[in-house]
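Here is the structure we will look at, set down as structure tokens.
The values are calculated or read from the model by the stated rules, or taken from the named source; none is laboratory data. None of these values were measured; they are calculated from a predicted model. Heads up, the Cβs are rebuilt from the backbone with ideal geometry, glycines too, and the neighbour counts pull from every protein chain shown. Ligands, DNA and RNA are excluded from the accessible area calculation, which covers all protein heavy atoms including side chains. Shrake-Rupley method; radii C 1.70, N 1.55, O 1.52, S 1.80 Å.
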Amino acid sequence: MYLLRMQTYGLFYATSFLELYRNPQNITTMLHNVTVIVNRDEQYLFLVRVMCLYQGPPSNYVVVKMIPDNRLPPRDLHAVITEKAFVIMKWESPYDSPDSELYYIVSVKDLITKTERTFKVITQNSTIEYRIGNLEPGGKYNVIIQLRNMSKEASIKVNTGKYNFQTT
């Protein structure tokens, strides 16, 4: 009587080397192929090892860069500096390490006068800082940023500082 035992494989993956070796996501399977669902705007590192009948050494890692999705919104939009007549906005591209120039539309809506201004920002950086000037002291604005005028948008409301008048 022969006991047939199948090999069990572990597929380990993460978005950084540190995460891959400290706390990777993993799948255990007896199959020779497996489908993994991951975020589409990330780069992943994968490695495989035999888990059972014995634990074998890990394979060499493989880097897989997912296809960027230009419909994703900019990430982490926030005001870095807010002054009386300007604001500096900062955000990150929808995906890490853009390999070509990204074209952003920045809309500034004045919530008091109900007017709107639009600016174009072209950059290949993954972190962007942009200065919006000629604002009214004490103004209230809604800043909307989107990639190529076709992505989902990121928005934030900002208030500019007020002039302080002193009477003597």
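Go through (1) part of a loop (DSSP other than H, G, I, E, B); (2) closer than 30 Å to Pro137 by Cβ; (3) touching a strand residue (DSSP E or B) at 6+ places or on another chain (Cβ under 9 Å) and name the single condition Lys84 misses.
So the condition that Lys84 fails would be (3).
Has segment 81-99 got at least one residue that is open to solvent by 70 Å² or more (accessible area, probe 1.4 Å) and among the small types (Gly, Ala, Ser)?
yes
So, of the residues in segment 63-80 that are at pLDDT 80 or above and part of a strand (DSSP E or B), which turns out to be most open to solvent (accessible area, probe 1.4 Å)?
Among those that are at pLDDT 80 or above and part of a strand (DSSP E or B), it is Asp76.
Going through segment 138-160 one residue at a time, which ones are open to solvent by 30 Å² or more (accessible area, probe 1.4 Å) and not in a strand (DSSP E or B)?
Residues satisfying the conditions are Arg148, Asn149, Met150, Lys152, Glu153.
Considering only residues that are assigned to a strand (DSSP E or B), closer than 30 Å to Thr15 by Cα and either β-branched (Val, Ile, Thr) or open to solvent by 60 Å² or more (accessible area, probe 1.4 Å) (or both), which ones fall in segment 107-137?
Passing the criteria: Val121, Ile122, Thr123, Thr127, Ile128, Glu129.
Residue by residue through segment 138-168, note down the ones that are at pLDDT below 95 and among the aromatic types (Phe, Trp, Tyr).
Listed by number, the residues that qualify are Tyr163, Phe165.
Can you list residue pairs whose Cβ atoms sit under 7 Å apart, with the first residue in segment 49-62 being assigned to a strand (DSSP E or B) and of a type in the set (D, E, K, R) and the second being modelled with pLDDT of 80 or more and surrounded by 14 or more Cβ atoms within 10 Å (Cβ to Cβ)? Count only pairs 6 or more apart in sequence or on different chains.
Arg49/Gly10; Arg49/Pro58; Arg49/Ser59
Output the number of residues of segment 13-28 satisfying the condition of being farther than 24 Å from Pro68 by Cβ and either in contact with a His (Cβ under 7 Å, 6 or more places away or on another chain) or modelled with pLDDT of 90 or more (or both).
Of the residues in segment 13-28, 5 are farther than 24 Å from Pro68 by Cβ and either in contact with a His (Cβ under 7 Å, 6 or more places away or on another chain) or modelled with pLDDT of 90 or more (or both).
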